[in-house]
Structures are given as structure tokens and as C-alpha cells.
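First up is the structure itself, then whatever we jot down about it.
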Amino acid sequence: MTTPRILFAGVFHWNAGSSHMIAEYARVASASGCEVGVSSQLSRLDGTVNGHLPLVDDISWATHLVLVFESRQFLSTQQRELCEAVPRQRRIIVDPDGHWGPYVTAGADDNAGADTIESWHKLYADLSDLILQPRLNELPDGAEFFSYFGMPDIHRLASDLPHSQTLPYELQYVGANWWRWNEMTSLIRAAAAAQPPIQRIRVCGRWWTGAPHPDHLTATTSVSGWMRDHGVEVAPPVPFGHVVSTMSQAAITPVLARPLLARMELLTPRMFETLASGSIPALWPDLGYLSALYGDDVGLFLLDDDPADSLARMVRESIRYRERLATIQRRVHERFNYRAVLAELIRFTR
């Protein structure tokens, strides 16, 4: 039997979640009985990430082609024709942003982006018969569940994490300000109102300070000087491959999903990476659907109507939170480690 050679194509940047997923797939590929590559002919790469991913220059290498569509339709007409070098029945669409299905809005955000929802549906239908989504609620007709994102190896069991006073930060968010300003600033206000106040706070990522992205002004909006005025340290994006270890430097790590993705009950990388770090996840209230991933204990980590009190309890009762979290870490890692996730993808190739 021929070893599957799975070729991924997408928009891959060093400081974006999907690049880390593909690197993890490549790391476990041999043990999973396949080969993994990234198409240089079809993908849009930022130059830096090229050194972290296994690039393949000839599409004929592939037995299967996996097209990952996030915020935009990245294939040119010529590239779409090139996809036909891989037979249709061996082409797979991964749809982590929920473009397949009904039109959905969340404030000024929607799941069509710069295109129309109809154009997304046509694009997918033209390219493949198999559409995979990491959606935890009812899937739209024609889609099948695939988590796509997995849980990295456990960096540290939560029960082994040092006392919060010995860690560099009490609360830290690792990720870009992409539709997250309102949630993050509300969380920082809640941390200040906690008893005692949570003061050692850091955010790591783009657009938390300075100018927003010129092409995405609403998604990356911020208030100049706000973080500094509220005593928050702002750091650049963490180096490739260091997300989980950086998260472990804080007692509490917020899990903030783009509101649109939360409305569609989609999984995101941070939902797994935060678990791997051992830091206590502070879940924004719209993430109650993570009970399907974290189990019945999800309620313990959800911020309630008094987020200041929720955060204070996480600090005050940290031993109880960490013991429950360690159980969740082990269970989720057993089901969603990258060998298991890649094995599931391989089953879709048969």
C-alpha cells in the first residue's frame, strides 16, 4: 500500500495558528505512517515560516491535497487549475473559519469576509466533495467534523505549576488583537477590580498598541496608550514554536475566540495550546460550548457575571483549579494529540 503523501496549501505565516498545526503534523508524520508537505506552488508564505515547514515544490509529489481556507480565497485561477493535478476524490477542504454553511454575522464581522458566502460555497464545491470543519455544534449539510487543531504535548501538568506569586505574570494573553479588543480590555478591568487586584499582566502579539492593520481597521482597532495607562506590558509576537512555553509563564491565560467563531461554535488553536501550557484557562462566557471538549468541568473556568470575582477565585483557589485542569489536560491530550488528529485525517484519505 502506498504511503499517503499529504500536501497542504494555505496562507501560512510564522505568527499565525495554522502554521503551528502544519509543523506539528510534519513532526508526527513518520510515526503516523504518512508524509506531510506544504505546497510552495499553491500556498502564500511570509518568508519566515518557510524555514519551519516542509516545503514541496512539485504538486505531483502528493497523493492527497488538503486546502486550508481561513480568512480569504487565496488561489488564483491558474492555481485552481493546478489543483487538478491531484484527482478530485483525493482533494480535501479544511474550513476552520466556517465559510461553508449559512451566512453568519457577529457585529461588523461575518463569515464571508471580502467575498460573498455564495462565492465560498461555489469555490469549495468546485474543488472538492469533502469539506471538514472543526465545529462542535450541528454541522452544515455537506460538512464532516475534523478538529484540524490538536493539543501539543503537555508542557507542564497544571498540578505541577509553581505558585502564582513565583511566576512572571499573574495573567497573560498570547495572541493578536483580532476582533478581541473589547473582551481583553473588559478582562483587564476585571483583573484590576479583583480582590486582591491582579496586577502583573502582559499581552503578546500584534495590534494591541500602535496603528491597526490598514486593511482590517475594525478587526484590529485599539485605543492608543490604553494598555500602558492600565499597567499592561505589551510584547511582540512570541517566536515560532514557543506559544505554549510562553503561556506557562502566567498563572491565568484567557481563552478569547473571535466572537464570530464562538457564535458558530468552532474550535481554535488557543483552546488546545492553553491546556498544554498548564496555565489556568479563563474562558470568555460565550465559550460554554467547550463542554464538548473540556467536559463537565468547563463551568469552573468560565467567567461568570462577576468576572472580577471569577479571576480572584482562580488565584485564591488555585490548587483546586489546577487539580481539575490536570485531569482535563490528560483526557484531551489522549484524544487530540497530533498523532491522533493526523490519524483521523488519514482516515479521510481512504
The chain - Rg over Rh from alpha carbon coordinates, Kirkwood radius
0.96
Centroid-to-centroid separation of region 192-214 and region 31-90 [C-alpha atoms, Å]
36
Sort H20, H242 so the one with the fewest other Cβ atoms within 10 Å of its own Cβ comes first.
H242, H20
Give me the log10 of I(q) over I(0) for region 1-84 at q = 0.10 Å⁻¹, as the Debye formula computes it from C-alpha points; what are the numbers?
-0.22
For the chain, with +1 on Lys and Arg beta carbons and -1 on Asp and Glu, the positive-most of A125, F301, A257 along the dipole:
F301
Dividing the alpha-carbon radius of gyration of region 134-253 by 2.2 N^0.38 Å (N being the number of residues), what value is obtained?
1.24
Please report W14, W179 as a ranked list, fewest other C-beta atoms within 10 angstrom at the top and most at the bottom.
W14, W179
When the dipole is taken about the Cα centre of region 185-246, and only Lys, Arg (+1) and Asp, Glu (-1) are charged at their Cβ, what size is it in debye, to the nearest 20?
140
Quick one: putting +1 on the C-beta of Lys and Arg, -1 on the C-beta of Asp and Glu, what dipole do you get for region 5-148 around its Cα centre, in Debye to the nearest 20?
360
Please label the shape of region 227-267 as rounded, prolate or oblate, based on the square roots a ≥ b ≥ c of the eigenvalues of the alpha-carbon gyration tensor (a/c under 1.5 means rounded; beyond that, a/b larger than b/c means prolate, else oblate).
oblate
Net length gained if the chain between A106 and R339 were fully extended (0.36 nm per residue, minus Cα distance):
80.5 nm
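Would you calculate the volume per residue, in Å³, of the smallest convex hull containing every Cα atom of region 5-148?
Numbers: hull volume 17.1 nm³, N = 144.
Here the figure is 119 Å³ per residue.
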Given +1 on the Cβ of Lys and Arg, -1 on the Cβ of Asp and Glu, and no further charges, what dipole in debye does the chain carry about its Cα centre, rounded to the nearest 20?
760
Pick out, from A282, L167, L53, the residue whose Cα sits farthest towards the positive end of the charge dipole of the chain, with +1 on the Cβ of Lys and Arg and -1 on the Cβ of Asp and Glu.
L167
Hull volume per residue for region 158-335, using the convex hull of the C-alpha atoms, in Å³ is 114
For E35, E334, what ranking results if the residue with the fewest other Cβ atoms within 10 Å of its Cβ goes first?
E334, E35
Positive-pole candidate from G98, A23, T116, dipole of region 5-148, charges at beta carbon:
A23
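Read-outs: derived from the displayed coordinates by stated rules, not from any lab. The model shown is predicted, which means the values in this text are computed figures rather than measured ones. Note that each Cβ is placed from the backbone with ideal geometry, even for glycine, and that neighbours are counted across all protein chains shown.
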